[in-house]
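The values are calculated or read from the model by the stated rules, or taken from the named source; none is laboratory data. If you're wondering where the values come from, they're calculated on a predicted model, not measured in any experiment. All Cβ positions, glycine included, derive from the backbone under ideal geometry; neighbour counts span all protein chains shown. Only protein heavy atoms, including side chains, enter the accessible area calculation; ligands, DNA and RNA are left aside. Shrake-Rupley method; radii C 1.70, N 1.55, O 1.52, S 1.80 Å.
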Amino acid sequence: METKDAAAFAPGQARWLGRRVKRREDPELLTGAGRFLADLVRPGMLHAAFIRSPYAHARIRAIDASRAHSMLGVHAVLTGADLPPGLGAQPQTHHFQQRPTPYYALTRERVRYAGEPVAVVAADSPYLAQDALEQIEVDWEILPSLGTVEAALQSDAPRLFDNWPDNIAGTFQAEMGDVERALAEAEVIITERFRIQRQFACPLETRGVLAEWEPHRDELTLWTSTQILHIVRDFLAETLGIPEHHIRVQTPKVGGGFGCKFHFYPEEVAVALLARQAGRPVRWVENRLESFLATVHARDQVVEATMAARRDGTITAVKAELIGDMGAYLHMVSFGPLWLTSVMMTNVYQIPNAQVEARAVVTNKTPSGSYRGWGQPQANFVVERLVDRLALTLAMDPAEIRRQNFIPPDRFPYQCLQPTFDSGRYAECLDRALELLDYQNWRVRQEELRQQGRYIGIGISFYVENTALGPSRQLNEGGLQQGGFDISRIRVEPGGEVTVYTGLCEMGQGFTNGLAQLCAETLGVSLESVTVITGDTQTCPYTGYGTGASRSAAVGGAAIMKAGQRLREKIEAIAAHMLEAAPSDLEMEEGRIWVKGTPSRSVTMKDIGRAAYWRAIDLPSDMDPGLEVMEVFDPPQMAWPYGANLAVVEVDLETGQVKFLDYVVVHDCGTILNPLIVEGQIHGGVAQGIATALYEELHYDQAGQLQSASFMDYLLPTATELPHLRLDHLVTPSPIIPGGMKGVGEAGIIGSPAAVVNAVEDALRPFGVKFTQTPVTPEVIISALIEAKSRGNSAG
């Protein structure tokens, strides 16, 4: 991967920020020494296995588990009938204008998707647990099912919830300006219906839970592979009806989350109840088939959108009707991704008039939820595809029409449909990407190669990313039942080492490295002396929203900066007392503090630690012992990084294969803590975006049965299919975040699907084909070419 560095701070100001520091955890992970949930073993531990519905929609007439109960080595069996009568439904963090869709740890009477948990067994081994499942008899009454939103919206469609008049779980509308007038006065109107496929996050490590009770105190310790440590604890307390302080949640190493582990699942409650009944620890590890069926799905939207413009290319309005397939229930985040798609329908452009209307529809599929980018890739795909269509209609260059409509730097902060963008240099970012790609030269080569029978396409997209989620009061007003703050605690140990405690979850993204660099920079200590502790509700402070929405550096990092600055003031006060100097006369670096101009007069962080804990006589008379600070950061607004994706592809007309010839990303995520981490996030996100554009899809039949429940049918790209990615950075520090950090975790995935599909369509422009749905597979390409030929369109 090629890249150009951009310093996070001005040269000479930063010791650790902006440095390419290698990830500390990599040796452990690369040598197989990391301990994931499947590696955890507790004394007397049992193994759990779930019976899941084989039907998309059915009523449970009866369950007979007597033979499983009597098996040697089976210690507990739970069905829906065995659940405590006061057990709560699975809680939600998001509440919009919606109907309730209650679901539980185990379903009692009616299943609404294939894969819904019905019963669970605890046995001496995973194999025995599976054998026990075969001894449980379920008497099913199969009900009519719905496999598409189109079928679910029919007036005579079967209802998933009997008391509903239709299958619409919730709606959302928003408008700014006068859209109808803008459409009436438009000189050019582009309308298209787009379909974005159903996907899921598919982390390398599947989900898992290990539960253990302390019976004398009725206390639960639960290990789970999650992104939302404290939310899991709080929701367990709410569901089980026990106090939060009786529950400890821990996360071991997490092998990827990508949003699907930003959810509270029925299995976490079921395994806890099973362990209580068995009186022994119980562990469940999701197998890959279960992962396809029971881990939340995502995307799956139909968007009919209209863009209005003047003939000079000025966009005047956007109107969109969105339908989201939510699956059988509104999961923990409700239809939040569909909402975010809706409010992002103006992207980075000055569009004065916009109107969106969204419907969240239930079907007999696995519930939909979070996946990297949430609803932003869908919105970006729709808008950037329409902009390309507009450029084609007006015979304008797709780069120029974007530049013409960008929000200019002097308009920030800029109010869109609902978001307020904090800062941006969009035109400069696009120009740098065009230069890095050598855009004009590629346009010349494109024409030359077409004459040789080679079909090259150049695709452009520009994105903005919602990060630093978010202002707690604003989130609560919008229906979120969680705060958006982060709390950080930093302690200097008696030996001078520094320990940072955060409630954020490490799941492979490496954010603890950047936080350690930020802490070392703020305190003026060596990076090696800083340890970051995560993953334990008993020791780590509360984080309001968990680890997602690209908020670790921006919100968690800002909390660490605040705590570090306060802690540094006390360190300097102790050092000044010991050196008989004023705090303003001190310099501090690498854990050593000295008086300016006389470096021989110095103390170390170990000296400071000893004074703070052991030798109060060395402290100022009015100072309490100890060196520990806790700080909270609740962002006043969200931060909005942005970037450009430029893809160059070649399409083989005979096979439909798409080959990458070049790929450039130029982005701006504010202050960069560690370029290696940032580039890794972008590289991974672009890979997932390419998968959206060309490969991945969860296929369902009309009856709601998943047809692609293994890697034989769900196609993930490998390194062989991915391009050599070239990166460059802009640095525009966020004006609202201490330290200027924005987020970057979802940046790569937002704009890449549109860039790739724009490139494929551009390559096939001589044939007049267009693509309105993803993924654009070889089969789709060949079918489009055949259809174009039947219409008389050909390159010749």
#### Entry: Dipole of the chain, positive end: most advanced residue of P583, I460, F96 [Cβ charges, Cα centre]
P583
### Sequence of V383, V780 when ordered by accessible area, the most exposed leading, probe 1.4 angstrom
V780, V383
#### Entry: Relative contact order for the stretch 568-708, counting Cα pairs under 8 Å that sit 6 or more residues apart, in percent
12
### Three-way shape call for the stretch 635-704 based on the alpha-carbon gyration tensor, with the a/c threshold at 1.5
oblate
### Query
What is the distance, in nm, between label points placed 7 Å from the Cα along the Cα-to-Cβ direction at R765 and at F711?
3.9
### Summary
About its Cα centre, the stretch 548-672 carries a charge dipole, from +1 on Lys and Arg Cβ atoms and -1 on Asp and Glu Cβ atoms, whose size in debye to the nearest 20 is 440
### Task
Quickly rank 40-46, 422-428 as a protection proxy: mean count of other C-beta atoms within 10 Å, highest first.
422-428, 40-46
### Query
How many nm is it between the label spots at N793 and Q773, if each spot is 7 Å from the Cα in line with the beta carbon?
1.8
### Message
For a Förster distance of 22 Å, can you work out the FRET efficiency between the beta-carbons of T31 and A719, rounded to the nearest 0.05?
### Response
0.55
### Zone of D652's modelled label, taken as backbone nitrogen in the stretch 452-483 under 20 Å from a point 7 Å along Cα→Cβ
452-458
### Task
Would you list the membrane-span-like helices of the chain, meaning whole DSSP H runs whose alpha-carbon atoms span at least 30 Å along their axis and whose mean Kyte-Doolittle value is at least -0.5?
557-579
### Query
Can you put Y329, Y695 in order of accessible area, largest first, using a 1.4 Å probe?
Y695, Y329
### Task
Sorted from largest down, give the three principal axis spans of the alpha carbons of the stretch 108-157, whole angstrom values.
50, 19, 15
#### Entry: Mean Cβ neighbour count within 10 Å, used as a protection proxy, ranking 49-56, 562-569, 127-134 highest first
49-56, 562-569, 127-134
### Message
Keeping all protein chains in the complex and leaving out DNA, RNA and ligands, what accessible area do you get for C416 with a 1.4 Å probe, in Å² to the nearest 10?
### Response
10
### Task
Return the distance in nm (one decimal) between the two label points of a simple spin-label model at T420 and M176, each offset 7 Å from Cα along Cα→Cβ.
1.1
### Query
Summing Lys, Arg as +1 and Asp, Glu as -1, what charge do residues with Cβ under 12 Å from the Cβ of Q135 carry, Q135 excluded?
-3
### Message
Could you compute the net charge surrounding R402? Neighbours are other residues with a C-beta less than 12 Å from the C-beta of R402; K and R count +1, D and E count -1.
### Response
-4
#### Entry: Computed over the stretch 659-788: relative contact order in percent, which uses C-alpha pairs under 8 Å that are six or more apart
39
### Task
Compute the convex hull volume of the Cα atoms of the stretch 305-440, divide it by the residue count, and report the result per residue in Å³ as a whole number.
126
### Query
When only C-alpha pairs under 8 Å and at least 6 residues apart count, what is the relative contact order of the chain, in percent?
16
### Task
Roll a 1.4 Å probe over the protein heavy atoms and report the accessible area of D166 in Å², nearest 10.
50
### Accessible surface of the chain [probe 1.4 Å, protein heavy atoms]: carbon and sulfur percent
50
### Query
If you count, for each residue, the other Cβ atoms within 10 Å and average over each peptide, how do 306-318, 438-450 line up from highest to lowest?
306-318, 438-450
### Task
Could you tell me the convex hull volume per residue, in Å³, taken over the Cα atoms of the stretch 686-796?
190
### Task
Quote the accessible area belonging to K596 in square angstrom, nearest 10, computed with a 1.4 Å probe and with ligands, DNA and RNA left uncounted.
110
### Message
Per residue, how large is the accessible surface of the chain? Use a 1.4 angstrom probe and give square angstrom.
### Response
37
### Task
Could you tell me what percent of the DSSP beta bridges with both partners in the chain are antiparallel, to the nearest 5?
80
### Query
Which net charge results for the neighbourhood of T171, defined as the other residues with beta-carbon distances under 14 angstrom from its beta-carbon, given Lys and Arg at +1 and Asp and Glu at -1?
-2
### Message
Rounded, prolate or oblate, given the Cα gyration tensor of the stretch 376-532, with a/c below 1.5 counting as rounded?
### Response
prolate
## Note on the structure
Between A427 and A89, Cβ-based FRET efficiency (R0 35 Å, step 0.05) works out to 0.10
### Summary
Everything considered on the Cα gyration tensor (a ≥ b ≥ c; rounded for a/c under 1.5, else prolate if a/b is larger than b/c, else oblate), the chain must be described as oblate
